[in-house]
Every structure is written in structure tokens, then in C-alpha cells.
Amino acid sequence: MVEIKFSGTKETKPHQYLVRFLFGGAATVLAGLVAKRFGPGLGGLFLAFPAIFPASVTLIESHEKERKGELGYDGTHRGRMAASIDSAGAALGSIGLLGFAFVLWRFLPSQNPWLVVPVATIVWTIIAGSLWELRKNRLFGRHPRRSASHHPSARSAR
């Protein structure tokens with residue numbers, strides 16, 4: 001299940017919020033420049049870039065490393081794993097955004113926006129949540145490790 005940890009806001013330092021703000025601002029400015037030069041269609045694609053993702057994933061890694069470091073352990077592996085899980089969530093959420101965009105593209109010109117936007121949000125939630133559950137249950141992607149008895153080298157020659 002997806003969970004929200006509000007304790008993370010206590011761990012985040014003011015300069016880390018500044019980094020996120022700067023990444024987001026830079027991505028927005030870049031999208032504006034692209035839109036001005038090449039039109040709103042291409043500019044919108046750049047605006048869809050998850051602007052704070054690069055900053056957030058590095059902060060997640062550093063927070064995990066710090067937590068393990070306080071306990072006397074090297075938290076490099078733990079930090080990288082936490083960042084990779086966050087990356088997987090971002091990727092699956094982005095796929096869900098395709099469904100969101102499709103609903104808006106298809107129905108916004110002819111329907112009430114107050115109805116279309118919530119429906120598009122529900123579509124995004126269903127797609128992203130379903131993909132996350134599939135990933136969590138390992139129905140695609142990496143497969144669970146096999147036990148030694150299932151390893152081909154462990155089998156006797158017949």
C-alpha cells in the first residue's frame with residue numbers, strides 16, 4: 001500500500017527545499033522557453049517533466065545514508081534502494097499520467113472541465129495504483145529469487 005510519511009518533513013533541511021524549488025523553477029522556465037520557440041504542444045511536454053524528481057531522489061538517498069550512518073552502518077546500499085523504489089513509483093506514476101492526458105485530450109474540448117479533470121485524476125490513480133500493485137506482486141520486472149534447490153546447478157544429472 002502507498003503510504004505518506006510526514007516525519008520526512010522534519011528531516012528535510014531548508015537548503016534541500018531550496019534545491020527542489022530551483023529544480024522546479026528551472027524546469028518551468030525551460031518549458032516556457034521551448035513553448036515560446038516551438039509552440040505550446042512541445043512546451044507542454046517539457047512542462048510534464050517531473051521537475052523536482054532529480055532533487056528528491058538524491059535527497060531520499062542522502063536521508064537513508066544518514067539514518068544508517070547514525071547507527072554506525074554504511075547506508076550506501078540502503079540509500080540507493082530507497083531511491084530506486086522512489087524512481088519506480090515515479091515511472092509508474094508517469095505511465096498513469098498518459099491515461100490522465102488521454103482523458104483530457106479526448107473529452108476536455110467537448111465536456112465540462114469540472115467533470116473531466118476529476119475523471120482524469122481517477123483514471124491516473126487507477127492506472128498508477130494498478131501498476132504499483134503489479135510491480136509489488138512481481139508480476140512484471142524482476143522475478144523473485146529462486147531457492148538453491150531450484151537452481152540448475154543444484155539438480156542432479158539424470
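The values are calculated or read from the model by the stated rules, or taken from the named source; none is laboratory data. Computed from a predicted model, the values in this text were never measured in an experiment. Reconstructed Cβ throughout: ideal geometry from the backbone, glycine too, with neighbour counts over all protein chains shown.
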Just give me the residues in the range 25-61 being more than 18 Å from Gly89 (Cβ to Cβ) and of a type in the set (Gly, Ala, Ser), in sequence order. Gly25, Ala26, Ala27, Ala31, Gly32, Ala35, Gly39, Gly41, Gly43, Gly44
Failed condition for Gly93, given (1) more than 22 Å from Leu45 (Cα to Cα); (2) at pLDDT below 90; (3) surrounded by 15 or more Cβ atoms within 10 Å (Cβ to Cβ): (1)
Residue count, the range 1-60, condition part of a loop (DSSP other than H, G, I, E, B) and modelled with pLDDT under 75, comes to 13
